[in-house]
Amino acid sequence: MSSDDLPIGRRVAGWRVRRSMTQQMLADRLRRSKSWVDKVERGVRPLDRYSVIQEVAGVLRVDPEVLLGQPPSAPASTPAGVDDIRAALARYDTPPTSLHMHELRRQIGHAWLAYQHANYPQLVRAVPSLLDAAQGAGSPEVLTQAYRVTALLLVKLDEADLAWLAADRAMGAAQDAPVLAATVAVAVAQALRASGRDRLALSATLTVVNRTLPPALHLSDQEVCGTFGDHSRREPLDHRGGGECRGDRRTRAVGGTLLVQAALAAAGCGEHHRATELIDRAAGVAVDLRGYDDSCGTSFGPVAVDMARVLVAAQRGDADSALARHTTIVRREVWRRLPAEYRGAYLLDAARIYLHAGDLRGAARALVDADSVAPAEVRWRPLARTPIADVARAKPASAGVARLATLVGLTR
């Protein structure tokens, strides 16, 4: 069934998930019941009044024609630079690069630092030429890293399907390097989750995690499917382009990150008990890992596990517990040592949790903090527009959020 053939309720559900809303959040913004949203999405209740479709489309930030499966009246806007990245991914005849391998690795290192510092405008400009050079270099390791950072960037720009394409190509390039391939599996999971495919993300991460972690840290046999690589082979260079991404601590950091992604995917599927079990297992893996000096770029450690617990608690509807844990996390010294991108993205999630709890002041504070830590997380990510708009509607509106609303073009 093509997207044009989908029932309107399925389209509503798909866009709700893409906007990171629960059914209750969508219901609140429509001033309707959660049961009404659930029945619409399941097709039990028809959505056949155009005025109501317009209302739902407005909350989901899409044209009504999109929900109706009709061609949009105007082309959808694309973040500046994405078309150039798409064109680079579409080139299959890239000539050999004239760059020395050392220079190419240096450029990949700079791209990774730009990502960690949430410098997305710079990265959007750099990625097309980086992809061209990596494709012409003939090095699977370099190509994997270029595709990986591209996939992560595209998730930020709400281009989930294009991100999945880049991550899938990274996985293909990394097949002979198990630990690097496992880091790519994190990007695969993020792209799948961003597109609302939590079930696929859960399956993808569980396929890889038991082949990554030591046997003592494996998941139960019934949770494993497929095979992944040969751990006796040589591991690849790390994200900075020098040395090798190997060693027990690094392997555990990657495996633990996969467990966190699996937990978030399970929560997105409504499997809250399984999500808790996966988070508990990740906590065991995180012992003695710091998170802020991981050369594989996962930022995995106890604080990352605690942040995931916040998100899982929010997914099961326990906003009070989630926010209580959140307030302790952001006071910790190790929190301030995490990459700006990681903290900024988490603060956006926290803003949505505050909104779900009805705490507009808390949501405003989280948004302003996110802008202070990583401005591009707030000003460049489409995902940030909904919480900014929701807080900006408050009377009186937070001055900081009113300023952000103006910066991102949400005039009232």
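Details
- Close pairs (6 angstrom Cβ cut-off, 6 or more residues apart or separate chains): within 20 Å of Val373 (Cβ to Cβ) in the stretch 101-122, of a type outside the set (Phe, Trp, Tyr) and open to solvent by 60 Å² or more (accessible area, probe 1.4 Å) anywhere: Ala114/Gln122
- Residues in the stretch 11-39 that are more than 27 Å from the chain's Cα centre (by Cα) and not small (Gly, Ala, Ser) were compared, and the one that is nearest to Arg393 (Cα to Cα) is Arg31.
- Between Gly301, Gly270, Gly284, the distinction of being more than 17 Å from the chain's Cα centre (by Cα), farther than 16 Å from Ala189 by Cα and open to solvent by less than 10 Å² (accessible area, probe 1.4 Å) belongs to Gly301 only.
- Screening Gln54 against (1) of a type outside the set (Phe, Trp, Tyr); (2) modelled with pLDDT under 85; (3) open to solvent by less than 50 Å² (accessible area, probe 1.4 Å); (4) in a helix (DSSP H, G or I) leaves a single unmet condition, (3).
- Any pair with Cβ under 6 angstrom, 6 or more apart, that starts in the stretch 18-47 at a residue that is within 25 Å of Asp161 (Cβ to Cβ) and ends at one that is open to solvent by less than 80 Å² (accessible area, probe 1.4 Å) and among the charged types (D, E, K, R): Gln23/Asp38; Leu26/Arg16
- Selection status of Arg365, charged (D, E, K, R) and farther than 14 Å from His117 by Cα: yes
- Within the stretch 136-158, residues that are hydrophobic (A, V, I, L, M, F, W, C) reach partners that are in a loop (DSSP other than H, G, I, E, B) with beta carbons closer than 6 Å, at six or more positions or on different chains, in the pairs Ala137/Thr97; Leu157/Pro79.
- Answer residue from the stretch 174-193, given it is open to solvent by 30 Å² or more (accessible area, probe 1.4 Å) and at pLDDT below 95 and is farthest from the chain's Cα centre (by Cα) among those: Asp176
- Looking only at the stretch 1-17, and only at residues there that are of a type outside the set (Gly, Ala, Ser) and in contact (Cβ under 8 Å) with a residue 60 or more places away in the chain, the one that is nearest to Val155 (Cα to Cα): Val17
- Enumerated helices (runs of 4 or more DSSP H) restricted to the stretch 321-412, each holding at least 2 residues that are open to solvent by 20 Å² or more (accessible area, probe 1.4 Å) and in contact (Cβ under 8 Å) with a residue 12 or more places away in the chain: 340-356, 360-373, 375-379, 385-392, 399-407
- Meets criteria (part of a loop (DSSP other than H, G, I, E, B), modelled with pLDDT of 80 or more, more than 19 Å from the chain's Cα centre (by Cα) and among the acidic types (Asp, Glu)) for Asp83: no
- Scanning the stretch 12-47 for residues that are among the aliphatic types (A, V, I, L, M) and either open to solvent by less than 80 Å² (accessible area, probe 1.4 Å) or under 23 Å from Arg381 (Cβ atoms) (or both) returns Val12, Ala13, Val17, Met21, Met25, Leu26, Ala27, Leu30, Val37, Val40, Leu47.
The values are calculated or read from the model by the stated rules, or taken from the named source; none is laboratory data. Please read these numbers as outputs of a predicted model, since none were measured by experiment. No Cβ is skipped: glycine too gets one built from the backbone with ideal geometry, and neighbour counts run over all protein chains shown. Side chains included, ligands, DNA and RNA excluded: accessible areas come from the protein's heavy atoms. Shrake-Rupley method; radii C 1.70, N 1.55, O 1.52, S 1.80 Å.
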